[in-house]
Amino acid sequence: MRITLPDPEAFSTLITQHTGQEPTYPITGIATDSRECDTGDLYVALKGEKTDGHQFIPQALENGVVASLVEHEILVSNGMDFFVVKNVLETMGSLACSWRRQFDIPVIGITGSNGKTTTKELLKHIFANKEHVHATTGNYNTSIGLPLTLLQLAYEHTVSIIEMGANQPGDIEYLCDVAEPTHGLITNIAPAHLEGFGSIEEVARTKGALFNILEDGIAFVNMADEQIRGLNIRGDSITYGLTPNCDFPADIHHEEDGTITVTIDAEEIVTGSHNLSFVKNIIAASAIAIHLGIDWNTFREKVKSFQAPQGRCEVKHLNDITIIDDTYNANLTSTLAAIDYLKAFSGNGRRVLVFGDMFELGDGSAAHHRQIGEHCIAMELDAVFSTGNETTTTDNALNDSVYHQHFDSKQDLLTSLKKWIEAGDKLLVKGSRGMTMETIIEGLANN
C-alpha cells in the first residue's frame with residue numbers, strides 16, 4: 001500500500017510530535033510495501049505473521065525512501081531517518097487519529113458483512129457535485145489501510161466516507177478509535193468470516209462497536225436486519241429499511257423487465273437494476289444522503305447514473321452471453337442474493353452459476369455450501385459449474401433438476417464451460433477473493 005501525502009510539511013510536524021525526532025528530509029509519501037516505495041517516501045516496516053518488514057528496508061532505500069518507521073534500526077550504507085517506536089502499527093494509528101482530529105467535518109464510518117464498498121461508492125457518487133469528498137479507495141479499510149486513508153484527508157474536503165473491514169473480534173473498535181466517525185452505518189450482519197469470529201453473535205458484537213462509539217454522533221440503523229435492530233445505540237439514530245416502522249421506510253416492486261423500483265419515504269426511485277442487494281444499498285444511502293442535505297431529485301439522478309464497482313454484480317455482455325461478474329468476494333448471504341439476482345433477469349436463455357469456494361466459514365462451511373446448492377434448486381437454475389474443495393458439498397446437494405459438474409481446477413471448468421455455453425445464456429460467476437474467479441471471465445473473453 002502507498003499514498004501521497006497532501007501536506008508533507010504538516011505531516012513532518014506531526015511525526016516530530018509523535019516520535020520526538022524531526023525529519024532530515026521532506027516526507028512526501030508513505031508506503032507499507034518496499035516494492036511500492038517512491039522517492040521521498042516514509043517506509044513503514046510492519047511485522048506480520050510470516051514476514052518482517054524490517055528486512056526489506058534496503059530495498060525500500062534503493063527505491064528512494066528518506067525515512068523508515070521501525071521498531072529497531074538496521075545497518076544501511078546510505079543515510080536515512082529511522083523513527084524508532086515501540087509498535088509500528090499502533091503508531092500509524094496514532095498518527096492517523098491526530099491527523100483526522102484537525103478536520104471538523106462529517107466522517108461516515110461504514111461496515112457490514114456485505115455491501116460496504118458499493119454503499120460507500122454510491123454515497124461518494126451522490127455527494128460528488130455538492131461536496132469535496134474524501135473516501136476509502138480499494139482495500140484500504142483495515143488496521144493498515146485505514147490510517148493511510150485518513151492521512152490523505154486535506155483541508156478542501158468537506159465530508160469523509162470511511163469503509164471499515166473486520167476479520168476478527170475487536171477490529172471495528174480499533175478502527176473507530178482511529179477514525180473517530182461522527183456518523184455510522186452497518187449495512188447488514190451475516191455469517192461472514194466465521195473462521196475468525198466463531199459465531200454470528202460475535203460478528204454482531206464486533207460490528208456493533210461502530211454504534212457504541214457514536215455517543216455524540218448518529219447511527220443509521222437498518223431495521224430490516226434482526227441482528228442490527230438488537231444492537232445498543234448510544235447516541236442519536238436514524239432508521240431505515242424494508243419495513244414501515246422507521247424514518248426511511250422502503251417498499252419495492254418489480255417492473256415488467258425485471259428491474260426494481262423502490263419507494264423510500266414516499267419518494268419513487270427507478271433503479272434500473274435487477275439486484276435486490278444493490279437496492280438495499282440504495283435505501284441505506286438515502287438515509288445518510290438526505291439527512292446530510294442532498295435533495296431527492298439529485299438522489300434520483302445519481303442512482304440512475306451510478307456504475308457498480310468492478311467485480312460486484314457487474315453486468316457484462318460477451319459474444320451474446322450475459323455475465324454477472326460478482327467475483328470480488330463471497331459468503332452465504334451475498335451468494336444467495338447474487339443467485340436471486342441471476343434468477344430475476346428477464347428474457348430467454350439458461351441461468352448458470354459458476355461457483356468457487358467460499359472461504360473463512362469455519363465449522364459452518366459445509367452447511368453454507370450445501371445451502372447454496374439447495375437454493376440453486378429452489379431458484380430453478382439450469383446449471384451449476386463448480387470448482388474448489390468446499391464446493392464439492394454444493395455439487396453433492398444438487399439433484400437431476402439442475403445440470404451440474406464439479407472440477408478440480410478452474411482451467412478444466414473453463415474448458416468444459418466454453419464447450420457448453422451458447423448464445424443467450426446468463427452466467428453468474430461467484431467465489432471468494434482467494435479463488436480469483438475473474439480468471440474464468442477472462443478466459444471466456446479470450447475464446
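The packing ranking, built from the mean of other Cβ atoms within 10 Å per residue, places the peptides 65-74, 80-89 in the order 65-74, 80-89, highest first. Note on Thr261 and Thr392: the extension gain reaches 43.4 nm, defined as 0.36 nm multiplied by sequence separation minus the Cα-Cα distance. Descending by average beta-carbon neighbour count within 10 Å, the peptides 271-282, 215-226 line up as 271-282, 215-226, the highest first. Placing a pseudo-label 7 Å from each Cα along the Cα-to-Cβ vector at Val270 and Asn446 gives an inter-label distance of 4.1 nm.
With both residues required to sit in the chain, DSSP beta bridges show an antiparallel share near 25%. Principal axis extents of the Cα atoms in the range 2-85, from largest to smallest and rounded to whole angstrom, are 34, 27, 23. Shape call for the range 50-208 from the C-alpha gyration tensor, a ≥ b ≥ c root eigenvalues: rounded (a/c under 1.5), prolate (a/b greater than b/c) or oblate? Judged from the Cα gyration tensor, the range 50-208 comes out oblate (a/c at least 1.5, b/c at or above a/b). Here's the list of aspartates and glutamates a cross-link from Lys316 could span, going by alpha-carbon distance under 16 Å and ignoring same-chain residues fewer than 8 apart: Asp325, Asp326, Glu422, Asp425, Glu438, Glu442. Among rounded, prolate and oblate, which fits the range 93-305 when a ≥ b ≥ c are the square roots of the eigenvalues of its C-alpha gyration tensor, a/c under 1.5 means rounded, and a/b larger than b/c means prolate? Oblate, since a/c reaches 1.5 and b/c is not below a/b.
Residues whose amide H lies under 5 Å from that of Ser273, counting only those 5 or more places away or on a different chain, are Ile260; hydrogens are built 1.01 Å from N in the peptide plane.
Amide H contacts under 5 Å for Phe407: Ser386, Thr387, Gly388, restricted to partners 5 or more places along the chain or on a different chain, H placed in the peptide plane at 1.01 Å from N. The gain in end-to-end length when the Gln405 to Asn139 segment is fully stretched comes to 92.4 nm, 0.36 nm per residue minus the alpha carbon separation. Two numbers describe the Cα atoms of the chain: Rg and Dmax, which are 23.4, 71 Å. Which residues in the range 103-140 place their backbone N less than 15 Å from a point set 7 Å from the Cα of Glu156 along the Cα-to-Cβ direction? Label zone hits: 128-135.
Oblate is the label for the range 202-251, because a/c, from the alpha-carbon gyration tensor with a ≥ b ≥ c as root eigenvalues, is 1.5 or above and a/b does not exceed b/c. Mind checking which lysines have their Cα closer than 18 Å to the Cα of Lys47? Skip sequence neighbours fewer than 8 apart in that chain. Once the sequence-local lysines are set aside, what remains near Lys47 is Lys86.
Taking a quarter of the surface of the Cα convex hull of the range 314-445 gives a mean projected area of 6.9 nm².
When +1 charges are put on Lys and Arg Cβ atoms and -1 charges on Asp and Glu Cβ atoms, the dipole computed for the chain relative to its Cα centre reaches about 320 debye.
Every number here is computed from the coordinates shown, using simple stated rules; none is lab data. Predicted model only: the values in this text are computed from it and were never measured. As a convention, Cβ positions derive from the backbone with ideal geometry for all residues, glycine included, and neighbour counts pool all protein chains shown.
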